[in-house]
Amino acid sequence: MAIDLKAVEQLATDQSSLKAAAGLAKPAKWSGVGGSQDGALIWGECAGSGANPYRVMADLRDLGNKCTCPSRKFPCKHVLGLLWLNAESIVPFAPAETPAWVSDWLGRRRGTSAAKPAGAAAPAGEKDLRAARTAEPEAAEDPKDAARREAQAAKRNEETERAILDALDALEQWIGDQLRLGLSGFIDDATARCRRIAARLVDGKAAVLAGRIDELPARLLALAAGDRPRGAVVELGKLVLLARAFRAAPRDAEIRRAVASSETRETVLADPQAPHVNGHWEVLAEQVQTRRDGLVSQTTWLLNLGAAGPRFAMLLDFFPASAGRRGSVFTPGERFQAELVFYPSQQPLRALLVRRDAAEETLTHEWPAPDETLSHALTRPLLAEPWTIDVPLLLPQGRIARDDAGHAWWRSADGTDTLPITGSAAGLLAGTELTRTAAIWSGNRLTILAAQTPWGRIAGHD
């Protein structure tokens with residue numbers, strides 16, 4: 001049995017639990033760590049604030065779990081910490097005889113009709129557990145137990161939805177307060193104000209939206225001082241649109257992805273509506289950002305070099321900052337043949353890598369030409385998802401120019417389109433013809449990922 005860190009992240013009820021679990025994923029915090037012979041059960045004792053450690057256990061077959069701590073969160077940070085230890089192989093889970101407290105929990109959880117836990121000592125004369133499983137089919141599940149679990153799951157979903165809606169009510173009231181008190185004061189105190197409402201959203205199980213608001217001050221401070229009031233209005237307006245979209249369709253997976261949590265990898269792979277694209281891809285760039293919640297986001301941007309499927313793909317991964325910098329499996333500029341599955345969306349962008357092969361030697365070195373006008377490329381994603389923050393663009397031939405104030409702009413070859421650029425755009429980008437440019441539009445500035453010139457490819461930071 002195996003579990004990865006992504007599954008642990010998806011199991012967490014909010015980002016604060018995940019952050020707390022990262023602090024517990026250290027060998028010094030644990031004792032008595034072990035696992036069953038088949039690896040299905042794991043357990044350990046975690047030091048807490050009391051005199052006795054908390055007993056923590058989990059079944060990797062369905063991620064059922066139990067902890068003796070008094071936390072009302074399920075799963076608690078101790079369970080997440082135990083799973084984290086296992087996912088990252090931080091400590092060995094040596095096969096051992098199942099402790100009585102784990103066996104008692106598993107027996108209560110499965111009822112009298114279920115098989116005994118793997119690794120438990122069998123009474124004299126009883127057949128080996130694995131042989132018994134092979135020889136005799138497992139007893140049918142009690143319909144009452146199944147109905148009870150379904151009712152409990154439905155109740156939890158209803159409670160989660162109500163908590164999110166209450167948090168969104170608080171968010172809209174908060175936005176109204178910021179506008180009433182004045183944007184100048186909001187911009188000056190954005191970090192503290194956003195942190196308070198983000199904490200309220202975390203409590204309301206809107207963890208993804210909380211992370212977005214937590215990063216809002218950084219996006220505002222990246223703008224020129226004169227652009228910040230307009231940027232604040234745009235950001236707050238998008239939050240209102242997203243909150244009202246959730247109220248209109250709280251079960252919509254695409255909207256929940258932007259507010260509460262994303263589907264697991266397994267869910268996306270099993271979804272018949274998730275588009276699969278097999279094509280030639282080029283790695284444009286990788287963006288690594290340490291977030292305020294203690295996680296690091298690692299975003300890899302890919303460009304589809306063929307004609308079929310979405311033009312761009314975004315591979316997104318998260319890991320705790322305490323784990324240190326992770327090496328990337330991608331190199332900017334490399335090309336390969338791969339099958340990607342995209343999260344279902346009106347504008348598919350986020351994807352998972354299913355299979356990767358070497359690129360064909362005959363693959364053209366030229367990027368495809370933009371298949372729509374720049375104005376359409378800027379507005380189309382916002383018409384589908386008006387709360388979108390970043391829009392990937394493939395720009396036509398152009399150059400980098402500077403105005404009298406020293407600000408950098410991308411300008412099309414015919415001079416009809418201009419867009420401001422983040423940073424100085426110095427180095428190789430400056431003063432050379434850009435036959436193709438891949439960039440991210442944030443609504444205020446372009447961030448250049450990579451560009452093609454008559455004499456080769458250059459990275460956006462060059």
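The values are calculated or read from the model by the stated rules, or taken from the named source; none is laboratory data. Source: prediction; values computed, not measured. As a convention, Cβ positions derive from the backbone with ideal geometry for all residues, glycine included, and neighbour counts pool all protein chains shown. Just so you know, the surface numbers come from the protein's heavy atoms only, side chains and all, with ligands and any DNA or RNA stripped out. Shrake-Rupley method; radii C 1.70, N 1.55, O 1.52, S 1.80 Å.
Summary table
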quantity: Residue list for the range 21-48, restricted to those being part of a helix (DSSP H, G or I) and either basic (K, R) or in contact (Cβ under 8 Å) with a residue 60 or more places away in the chain (or both); calculated: A21, A22, G23, L24, P27, K29
quantity: Pairs where the first residue, in the range 313-326, is within 30 Å of L394 (Cα to Cα) and in a strand (DSSP E or B) and the second is modelled with pLDDT of 90 or more and of a type in the set (A, V, I, L, M), C-beta under 6 Å, 6+ apart; calculated: A313/L302; A313/L340; A313/A351; M314/L349
quantity: Single match in V354, V277, V288 (criterion: open to solvent by 40 Å² or more (accessible area, probe 1.4 Å), part of a strand (DSSP E or B), more than 20 Å from T447 (Cα to Cα) and modelled with pLDDT of 80 or more); calculated: V354
quantity: Pair list, Cβ < 6 Å and 6+ apart or interchain, from the range 349-365 residues that are within 23 Å of R457 (Cα to Cα) to residues that are at pLDDT 65 or above and not acidic (D, E); calculated: R356/F336; R356/A338; D357/Q337; A359/R335; A359/F336; A359/Q337; L363/H280
quantity: Selected residue [closer than 16 Å to L316 by Cα and under 20 Å from the mean Cα position of the chain (by Cα)] from A274, A270, A258, A253; calculated: A258
quantity: Failed item in (1) without any contact (Cβ under 8 Å) to a residue 40 or more places away in the chain; (2) charged (D, E, K, R); (3) more than 15 Å from V102 (Cα to Cα); (4) touching a strand residue (DSSP E or B) at 6+ places or on another chain (Cβ under 9 Å), with R72 passing the rest; calculated: (4)
quantity: Lone unmet requirement of (1) closer than 20 Å to P320 by Cα; (2) among the charged types (D, E, K, R); (3) modelled with pLDDT of 85 or more for E9; calculated: (3)
quantity: Unmet requirement for E385, which otherwise passes all of (1) under 30 Å from F246 (Cβ atoms); (2) among the charged types (D, E, K, R); (3) surrounded by fewer than 17 Cβ atoms within 10 Å (Cβ to Cβ); calculated: (3)
quantity: Count - residues of the range 179-196 that are within 14 Å of I213 (Cα to Cα) and surrounded by fewer than 13 Cβ atoms within 10 Å (Cβ to Cβ); calculated: 2
quantity: Lone qualifier among T267, T300 - being farther than 22 Å from Q173 by Cβ and part of a helix (DSSP H, G or I); calculated: T267
quantity: Strands (runs of 3 or more DSSP E) wholly inside the range 396-455 containing at least 1 residues that are touching a residue at least 40 places away in the same chain (Cβ under 8 Å) and open to solvent by 40 Å² or more (accessible area, probe 1.4 Å); calculated: 436-441
quantity: Residue selected from the range 53-71 under the condition in a strand (DSSP E or B) and in contact with a Cys (Cβ under 6 Å, 6 or more places away or on another chain), by the criterion modelled with the highest pLDDT; calculated: V56
quantity: So W105, is it part of a helix (DSSP H, G or I), surrounded by 15 or more Cβ atoms within 10 Å (Cβ to Cβ) and modelled with pLDDT of 85 or more; calculated: no
quantity: Residue check, E361 at pLDDT 85 or above, out of contact with any strand residue (DSSP E or B) (no Cβ under 6 Å at 6 or more places or on another chain) and of a type in the set (D, E); calculated: no
quantity: Qualifying residue in the range 185-204 (condition: closer than 16 Å to S16 by Cα, under 22 Å from the mean Cα position of the chain (by Cα) and outside any helix (DSSP H, G or I)); calculated: yes
quantity: Selection from the range 151-174 of residues that are open to solvent by 60 Å² or more (accessible area, probe 1.4 Å) and either among the polar types (S, T, N, Q) or touching a Lys or Arg at 6+ places or on another chain (Cβ under 8 Å) (or both); calculated: Q152, N157, Q173
quantity: Selection count where residues are within 26 Å of the chain's Cα centre (by Cα) and among the basic types (K, R), scope the range 7-52; calculated: 2
quantity: Single residue of the range 205-240 satisfying the filter (under 18 Å from the mean Cα position of the chain (by Cα) and not charged (D, E, K, R)) that is surrounded by the most Cβ atoms within 10 Å (Cβ to Cβ); calculated: A206
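Conditions tested, residue by residue: (1) out of contact with any Pro (no Cβ under 6 Å at 6 or more places or on another chain); (2) at pLDDT 85 or above; (3) among the aromatic types (F, W, Y).
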position	(1), (2), (3)
L18	yes, no, no
A21	yes, yes, no
L24	yes, yes, no
Q37	no, no, no
I42	yes, yes, no
A47	no, no, no
G50	yes, no, no
